[in-house]
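Undergrad: Would you mind keeping the following structure in view while I ask a few things?
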Amino acid sequence: MGILESLKALLFGKHDVGGEKQDQKPADKPADVIVEKKASIIKEPKEEKPVADKITVGHVHMSGCTGCLVSFADNYEGLLTILDKYADLVYCLTLADVRHIPEMDVALVEGSVCIQDHIAVEEIIETRKNAKIVVALGACACYGNITRFCRGGQQNQPQHESYLPIGDLIDVDVYIPGCAPTPQQIRNVCVMAYLLLKGNDEQKALAGAYLTPMMNLAKAGTEACGCDVMYNVINQGLCMGCGSCAAACPVRAITMQYGKPQIERDLCIKCGACYAQCPRSFFSFDVVNQYEGIMEAIDAAMQP
Amino acid sequence: MVLGNYKQAVAARSTDPDILRKSQDGGIVTQLFAYALDAGIIDGAIVAGQSDEPFKPEPMVATTREELLAARGTRYSISPNMSLIKEVTRSYGLDKVGVVGTPCQMQALRKGQLYPVGLRDVADKIALAVGIFCMENFPYQGILQLVEDHGATALENVSKLDIGKGKFWIYTERGATVQLPLKVTHKYEQPGCHVCLDYVANLADISTGSVGTPDGWSTVFVRSAKGDDIWAKAIAAGAFETKPIDSVKPGLELVTKLATEKITKNQQFIEDRKTKFTVGKELRNPYI
Ligand SMILES: Cc1cc2nc3c(=O)[nH]c(=O)nc-3n(C[C@H](O)[C@H](O)[C@H](O)COP(=O)(O)OP(=O)(O)OC[C@H]3O[C@@H](n4cnc5c(N)ncnc54)[C@H](O)[C@@H]3O)c2cc1C
Ligand code: SF4
Ligand code: SF4
Ligand code: SF4
């Protein structure tokens, strides 16, 4: 099943997004079009939303610190909205009492895989087999992040020494980089996936455009470093010194010196946030020009 | 479309003589922030303050009128204002953030709100983003060479730098004025500016620049719903004197002309990066 199809299956049946804003004034500016179009979703009858049609989501915990899951939960009532209306959590060691990885629409994988731990290896393979869409949630799953620095010898499993980003073992569909990935980034991916399935043609195109860079990151590879802004931005003649990379870095490895990023490479934990945040890594005018409408639509979707 | 979406365009200047005394043009940026601070719309703003080297900007968080006024005027060098966008909500503790920036910084800001990969809890705190028009920017060393080598003027004696009427202007503290043809400035431009496809900060809430209006006045585009609301309140509070944009010379015609020139030239450069630098390869294109 293609990712678009899977996402459709995933979000099937969620008709009441934006219900709170039903009597909203129709927009008159191009940027607001997306809000106006939501009306067509709202009009669909609510009875068509049997609980069985909720998508199934699992949180697969590899070698990560649970910070990604906590970040997802930091959407507070937004998380409840997602679990209440859109998704059944079918697997989550922290929150659901299920031992074996079941079939599911979306697997959110946190953490890298220790290849000396045969259970972890089996589970990531099982995850790929059982999930239609695999999302690498957070920097360890995407790029290894701090687990890149592991070299074994610790108690009580000294032989656990080699940790790989999940993309080195299985195909991954979507990356959400960052350490931890931000609650708002996780939320935005959820809402965009929803619009991709349930929206009208225009919304689908928009959501596809929104998610494309995160799918492209998943295709681009499993290595990240502050060096990426040197190799792929400055060396390519694209840096204009905005400072977004420095703001995004969770360990303050980047300072701006004479208008350009200066990377303290020993501090870098390989999370990939700087490059993904840079407006000159990827930038879609189709998406960003509609920022007002998109932000309103996301707020509406998160209404309980 | 080269001017982006906007709800209205006007010629304007601040009604505050204190602000106008050292503002670059009509004092729009400083007046907007000063009003918004007063009215409780923002808790402070990220501005390009003065560092300890002359005309080298330094991103700063201004939380008082004095700090806003100290940052007046254009510094034609890179001020990475986005580098403070998370910190401003953390150690500075601002919940309602103002930020001024060039068109590329407005792009960075909106991307950061839609894709907050490393910007936790920032997106909802942006209360007022003011964009300034921008044709190009310069590394600090470029400004130094332009002023000191080409202009034969010590940078520490300079009171104002300006680009306008086809010239690079150097005004000194003692009243002398040096002008350089823009031609000599081009080679010092920041390379990243050559792929830039926005002249008038299309993604700001309100954007402003000198082009289009007489000296001492500014061209203002009111763009977003938020910008519209704040502009209306600022006008009601008497913060600005305005004139219809059609009533001033050279007006939007010149803005459109310059915007079209910039975008066409840079689009061509992006095309050239695919074909003219390489054999069987392409330089990277950030726009997807
Ligand atoms: C690099 C650059 C190129 C420009 N090119 C053009 C142009 O081609 N055409 C045009 O019409 N206008 C251009 N401008 C804008 C113009 O010079 C004025 O900044 C603008 O009109 C605002 O003037 P004001 O009197 O309203 O602002 P003021 O009240 O004087 O305040 C100016 C504000 O801009 C901020 N600022 C100063 N330097 C920078 C910087 N380097 N980066 C980010 N923020 C800064 C200051 O912190 C201050 O808050 C350019 C500005 C810059 C920085
Ligand atoms: S985020 Fe801005 S400063 Fe950092 S590499 Fe990208 S363009 Fe340059
Ligand atoms: S420099 Fe910072 S943001 Fe970039 S990859 Fe390293 S730790 Fe992450
Ligand atoms: S020309 Fe574009 S990239 Fe360069 S500073 Fe101005 S807005 Fe930024």
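The values are calculated or read from the model by the stated rules, or taken from the named source; none is laboratory data. All figures in this text were calculated on a predicted structure; none of them were measured in a lab. So basically every Cβ, Gly included, is an ideal-geometry build from the backbone, and we count neighbours across all protein chains shown. Just the protein is used for accessible areas: all its heavy atoms, side chains included, with ligands, DNA and RNA removed. Shrake-Rupley method; radii C 1.70, N 1.55, O 1.52, S 1.80 Å.
Undergrad: Chains A and B: how much accessible area gets covered up at their contact, both sides added, probe 1.4 Å, in Å² to the nearest hundred?
TA: Numbers: alone 15290 and 14260 Å², together 24940 Å².
Separately minus together, A and B give about 4600 Å² buried.
Undergrad: Using θ = phi - 60° and the Karplus form 6.51 cos²θ - 1.76 cosθ + 1.60, what ³J(HN,Hα) does each residue of segment B:272-281 get, whole Hz, x for Gly and Pro?
TA: 4, 4, 7, 10, 9, 9, 9, 10, x, 9
Undergrad: How big is the C-alpha Rg of segment B:138-188 next to the rule-of-thumb value 2.2 N^0.38 Å, as a ratio? Can you show the working numbers first?
TA: Values: Rg = 9.9 Å, N = 51, 2.2 N^0.38 = 9.8 Å.
It is 1.01.
Undergrad: In the protein assembly as shown, if the dipole is taken from +1 on Lys/Arg beta carbons and -1 on Asp/Glu beta carbons about the Cα centre, which of A:152, A:109, A:282 is farthest to the positive end?
TA: Value: A:282.
Undergrad: Same structure, new question: Please figure out what share of the DSSP beta bridges in the protein assembly as shown is antiparallel and state it in percent, rounded to the nearest 5.
TA: Of those bridges, close to 55 percent are antiparallel.
Undergrad: Still on this model: Could you go through segment B:10-25 in sequence order and give the Karplus-derived ³J(HN,Hα) for each residue, using 6.51 cos²θ - 1.76 cosθ + 1.60 with θ = phi - 60°, rounded to whole Hz, and x for Gly and Pro?
TA: 9, 8, 8, 8, 5, 8, 9, x, 4, 5, 5, 4, 10, 7, 5, 10
Undergrad: Something else now. Calculate for the protein assembly as shown the 222 nm mean residue ellipticity that helices alone would give, adding -39,500 (n - 2.57) per DSSP H run of length 4 or more and normalising by residue count, nearest 500 deg cm²/dmol. Don't jump to the answer; show the numbers that get you there.
TA: On the way: 20 runs with 190 residues, N = 592.
Theoretical 222 nm ellipticity from helices: -9000 deg cm²/dmol.
Undergrad: Compute the distribution of all C-alpha to C-alpha distances in segment B:86-225, in bins of 10 Å from 0, and list the percent of pairs in each, rounded to whole numbers.
TA: That works out to 11, 32, 31, 21, 5, in percent per bin.
Undergrad: List the residues of segment B:86-113 for which accessible area in the full set of protein chains is at least 20 Å² lower than for the chain on its own; 1.4 Å probe, protein heavy atoms only.
TA: Buried on complex formation: B:86, B:87, B:104, B:107, B:108, B:110, B:111, B:113.
Undergrad: Roughly how big is the protein assembly as shown's charge dipole about its Cα centre, with Cβ charges of +1 (Lys, Arg) and -1 (Asp, Glu), in debye to the nearest 20? Display every interim value, and only then the final one.
TA: On the way: 61 positive and 70 negative charges, 270 e Å.
So the magnitude is around 1300 debye.
Undergrad: Same structure, new question: About the Cα centre of segment B:138-188, how large is the charge dipole given +1 on each Lys and Arg Cβ and -1 on each Asp and Glu Cβ? Please answer in debye to the nearest 20. Kindly include the intermediate steps, with their values, before the conclusion.
TA: Numbers: 6 positive and 5 negative charges, 57 e Å.
Its charge dipole is roughly 280 debye.
Undergrad: Could you work out which residue, out of B:142, B:49, B:238, moves most in a Gaussian network model of chain B, that is, has the largest mean-square fluctuation with Cα springs under 10 Å?
TA: Fluctuation is largest for B:238.
Undergrad: Return the residues of segment B:252-288 for which accessible area with all protein chains present is lower than in the chain on its own by 50 Å² or more; set the probe to 1.4 Å and exclude ligands, DNA and RNA.
TA: Buried on complex formation: B:284, B:286, B:287, B:288.
Undergrad: Counting only protein heavy atoms and a 1.4 Å probe, tell me what percentage of chain B's accessible area is made up of carbon and sulfur. Walk me through the intermediate numbers first.
TA: On the way: 6160 of 11910 Å².
That fraction is 52 percent.
Undergrad: How compact and how long is the protein assembly as shown, expressed as Rg and Dmax of its alpha-carbon atoms in Å?
TA: When restricted to Cα atoms, the protein assembly as shown yields Rg and Dmax of 25.2, 80 Å.
Undergrad: Quick query: amide H of residue A:92 versus all other amide H atoms, modeled in the peptide plane; which residues come in under 5 Å with a sequence gap of 5 or more or a different chain?
TA: Those qualifying (amide H under 5 Å, at least 5 residues apart or on another chain) are A:59, A:98.
Undergrad: Here's a follow-up. For segment B:86-95, what does the Karplus curve 6.51 cos²θ - 1.76 cosθ + 1.60, with θ = phi - 60°, yield as ³J(HN,Hα) per residue in whole Hz, taken in order and with x for Gly and Pro?
TA: For segment B:86-95, the Karplus-derived couplings read 8, 4, 4, 8, 9, 5, 7, x, 7, 9 Hz, x marking Gly and Pro.
Undergrad: Shifting gears a bit: Around residue A:104, which amide H atoms from residues at least 5 apart in sequence, or from another chain, sit under 5 Å from its own amide H, with H modelled in the peptide plane?
TA: Those lying under 5 Å, H to H, from residue A:104 are A:131, A:132.
Undergrad: Would you compute the Debye intensity of chain B from its alpha-carbon atoms alone, equal scatterers and no solvent, and pass along log10 I(q)/I(0) at q = 0.10, 0.12, 0.13 Å⁻¹ to two decimals?
TA: Log-scaled intensity ratios, in q order: -0.53, -0.77, -0.91.
Undergrad: Related question: Going toward the positive end of the dipole of chain B, with +1 on Lys and Arg Cβ and -1 on Asp and Glu Cβ, which of B:286, B:216, B:62 do you reach last?
TA: Going by the Cα projections, it comes out as B:286.
Undergrad: Round to a whole number: what % of the accessible area of segment A:213-304 belongs to carbon and sulfur, probe 1.4 Å? Write out the running numbers ahead of the final one.
TA: On the way: 1670 of 3470 Å².
Its accessible area is 48 percent carbon and sulfur atoms.
Undergrad: Kindly report the accessible area of the protein assembly as shown per residue (heavy atoms of protein chains, probe 1.4 Å, no ligands, DNA or RNA), in Å².
TA: Working: 24940 Å² over 592 residues.
Per residue, the protein assembly as shown has an accessible area of 42 Å².
Undergrad: At a cut-off of 20 Å², which residues of segment A:237-254 become less accessible once all protein chains are present than in their chain alone, using a 1.4 Å probe?
TA: Those are A:237, A:238, A:240, A:241, A:242, A:244, A:247, A:248, A:252, which lose 20 Å² or more relative to the chain on its own.
Undergrad: Between residue A:226 and residues 5 or more places away or on another chain, which pairs have amide H atoms under 5 Å apart, with H built 1.01 Å from N, and which residues are they?
TA: Close amide H contacts, sequence-distant or interchain: A:270.
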